[in-house]
Amino acid sequence: NASAGVERLLLGNKCDMEAKRKVPKEQATKLAQEHGIRFFETSAKSSVNVDEAFSSLARDILLKSGGRKSGNSSKSPGTELKPSDKKGTSKCSLG
């Protein structure tokens, strides 16, 4: 129900629990391809692909927006995302 230009991705969580899988990987991959979006299997518990999924989404948003926030940043679209140095936070910062 989002705007037409919003960036999206499909996440399959709990990939560390293969025995309890409800959706086959092939089915999720096919769905993502049909909708033209990226697909990541993740595990919050073991940190598999969590950073990669968020970094991918953030990179896509930056590229789509021309790498600028409100037109006043001099960062290029290829700006690298780096984890924040603050403890207890999972936010990314531009570097």
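As a quick test, which of the pairs LYS25/LYS45; LYS22/LYS64; LYS25/LYS64 have an alpha carbon distance above 22 angstrom in this structure?
Pairs exceeding the cut-off: LYS22/LYS64; LYS25/LYS64.
What is the set of long-range amide H partners of PHE39 at a cut-off below 5 Å, with H atoms built 1.01 Å from backbone N?
LEU10
Values in this text are rule-based calculations from the coordinates and carry no lab data. These numbers were taken from a predicted model, which means no experiment stands behind them.
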